[in-house]
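The values are calculated or read from the model by the stated rules, or taken from the named source; none is laboratory data. Keep in mind it's a predicted model, so treat the numbers as computed, not measured. Cβ placement follows ideal geometry from the backbone for every residue including glycine, while neighbour counts extend to all protein chains displayed.
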Amino acid sequence: MRAWVLHPDIKNDPGRRSPEFALDEAVSLAHALPDLYIAGSDVVRLPKAHPGLLFGSGKIEELGQIFKDEDIGLVLVDGPVTPVQQRNLEREWRVKLLDRTGLILEIFSDRARTREGVLQVEMAALSYQRTRLVRAWTHLERQRGGLGFVGGPGETQIEADRRAIDDAINRIKRQLSKVVKTRALHRAARAKVPFPVVALVGYTNAGKSTLFNRLTGSDVMVKDMLFATLDPTMRSLTLPSADEIILSDTVGFISDLPTQLVAAFRATLEEVLDADLILHVRDISHPESQEQAADVDDILAELGVDETAPRLEIWNKIDRLDADRRDALQTQADRSDEIFAVSALTGDGLDQLLSAVSGALQDPKYDDQILVPFDRGRARAWLYEKNLVEDELQTDDGWQLDVRWSKRHRQAYQAIV
């Protein structure tokens, strides 16, 4: 299908950014959908949004002629479009129209692979459609990835009222609750093993998966495309200090991430909430790297991640910079204990980063004395296995052990007994 991307540059928009960079990102989003040919793109400058049609009548007529000449079947508007505006613009231009939220939902639906991911996207899509008075509820007959907004097999429109959507959302919530319980059990099982969790977060396409693969030797899909990674991946990693950690690669964030998706993916992103250390990966070569970092911080706050949670900032893709810019950033990073300039592609700077991760995860050890009952032989064996026992005395009630351990070891031991 031939598509055209529009970025409305609204003068009085408080969240306004560079329209050229915003349009580039919108085009990249469009390229993330399969079976679309992006025939063209435009920034449309507006003093304010028109309530009924978003754009002025002259611009609508001008664009309509372009769409007719270019045989455009889909228009992607990089911003919010109300149901009324969508209906009116589709009628004027005789095309399908998708706003930013709908496009991101479509991408997520096409990329979701795990059952949890599929359910979360469906719930987010239903919530979105509910606010739009059930414009097109197509997922029940979908034959391919995607929600059917764009077209293709399974495009049949189903008349459904709010109650039908609410019933579907409640059904998905029940299914998700089972998946969430399973995830909670997995986390509880990991809690018995004193391996800290380190979570990679960052703006989409910042290079998290490339870094993840470089550090763990994995083969998570890496592509110069927004939202190449959707479902979270976890792998064990042995640090130079010989300590073992669990590294988690998460979905990338983006500006104006639909609130429905933030809510839906809260369960998946609980790995970030529980992380012992957060590594914020930034594409430092991007012209709006600072704004992207602010977007990530806002979403982390929305998810409930404590601002005081330990985190390191990774300035990735330094290999894309010229020598002067690279040297300046390296000097700036060297002045901070929490910033590391690296290239996940070439491996530059990763040794210093891993040493810092080891240091950030070091728990102070302290002496303690515990009594292990005779019927808790497995707990005693675990303490010896971890080399935590300094001395042992057998009493009438069990083994009295002098241990030297960290807070993490103590929590893991308590999960066993």
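Exactly one condition in (1) farther than 25 Å from I107 by Cβ; (2) surrounded by fewer than 16 Cβ atoms within 10 Å (Cβ to Cβ) is not met by D71; state its number.
(1)
Of all residues in the range 190-201, how many are at pLDDT 65 or above and outside any loop (DSSP other than H, G, I, E, B)?
Going through the range 190-201 one residue at a time, the tally reaches 5.
Taking K208, is it under 30 Å from K407 (Cβ atoms), among the charged types (D, E, K, R) and at pLDDT 85 or above?
Here the answer is yes, as K208 does meet what is asked.
Within the range 15-38, does at least one residue satisfy the condition of being surrounded by 15 or more Cβ atoms within 10 Å (Cβ to Cβ), assigned to a strand (DSSP E or B) and among the hydroxyl-bearing types (S, T, Y)?
No, the range 15-38 contains no residue that is surrounded by 15 or more Cβ atoms within 10 Å (Cβ to Cβ), assigned to a strand (DSSP E or B) and among the hydroxyl-bearing types (S, T, Y).
Residue-by-condition table, conditions (1) over 29 Å from G252 (Cβ atoms); (2) in contact with a Pro (Cβ under 7 Å, 6 or more places away or on another chain); (3) at pLDDT 90 or above:
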| site | (1), (2), (3) |
| --- | --- |
| V5 | no, no, yes |
| K11 | yes, yes, no |
| H31 | no, no, no |
| L36 | no, no, no |
| I60 | yes, no, yes |
| F67 | yes, no, yes |
| P83 | no, no, no |
| E90 | yes, no, yes |
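Could you grab me the full set of residues in the range 271-292 that are among the charged types (D, E, K, R) and touching a Ser or Thr at 6+ places or on another chain (Cβ under 9 Å)?
E271, R282, D283, E288, E291
Would you check if there is a residue in the range 397-408 being without any contact (Cβ under 8 Å) to a residue 40 or more places away in the chain, in a helix (DSSP H, G or I), farther than 22 Å from L321 by Cβ and not assigned by TED's automatic domain parsing to the domain that holds W315?
no
Return the only residue of D324, D348, D367 being of a type outside the set (V, I, T), assigned to a helix (DSSP H, G or I), free of Cβ contacts under 8 Å to residues at least 40 places away in the same chain and surrounded by fewer than 18 Cβ atoms within 10 Å (Cβ to Cβ).
D324
On the basis of being out of contact with any Ser or Thr (no Cβ under 6 Å at 6 or more places or on another chain), touching a residue at least 40 places away in the same chain (Cβ under 8 Å) and farther than 21 Å from N170 by Cα, does L105 make the cut?
no
Which one of the conditions (1) out of contact with any Phe, Trp or Tyr (no Cβ under 8 Å at 6 or more places or on another chain); (2) loosely packed, with under 12 Cβ neighbours inside 10 Å; (3) hydrophobic (A, V, I, L, M, F, W, C) does L401 fail to meet, given that it meets all the rest?
It fails just one condition, (2).
Say we look at the range 296-310 and pick out the residues that are free of Cβ contacts under 8 Å to residues at least 40 places away in the same chain and out of contact with any helix residue (DSSP H, G or I) (no Cβ under 9 Å at 6 or more places or on another chain); which of these is farthest from S358 (Cα to Cα)?
Checking each candidate, the answer is D298.
Find all pairs meeting these conditions: Cβ atoms under 9 angstrom apart; at least six residues apart or on different chains; first residue within the range 48-60 and in contact (Cβ under 8 Å) with a residue 24 or more places away in the chain; second residue of a type in the set (K, R).
Cβ pairs passing all conditions: K48/K11.
Let's see how each residue does on (1) in contact with a Leu (Cβ under 9 Å, 6 or more places away or on another chain); (2) in the same structural domain as S255 (by TED's automatic domain parsing); (3) modelled with pLDDT under 65:
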residue	(1), (2), (3)
E116	yes, no, no
E122	yes, no, no
R132	no, no, no
E141	no, no, yes
R163	no, no, no
D167	no, no, no
Y203	no, yes, no
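Yes/no per residue for (1) buried (at least 18 other Cβ atoms within 10 Å of the Cβ); (2) among the β-branched types (V, I, T); (3) modelled with pLDDT of 65 or more; (4) not in a loop (DSSP other than H, G, I, E, B):
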| residue | (1), (2), (3), (4) |
| --- | --- |
| S218 | no, no, yes, no |
| L226 | yes, no, no, no |
| D231 | yes, no, no, no |
| S236 | no, no, yes, yes |
| S248 | yes, no, yes, yes |
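What number of residues within the range 3-14 are farther than 21 Å from E70 by Cβ and either of a type in the set (A, V, I, L, M) or not in a loop (DSSP other than H, G, I, E, B) (or both)?
Qualifying residue count for the region: 2.
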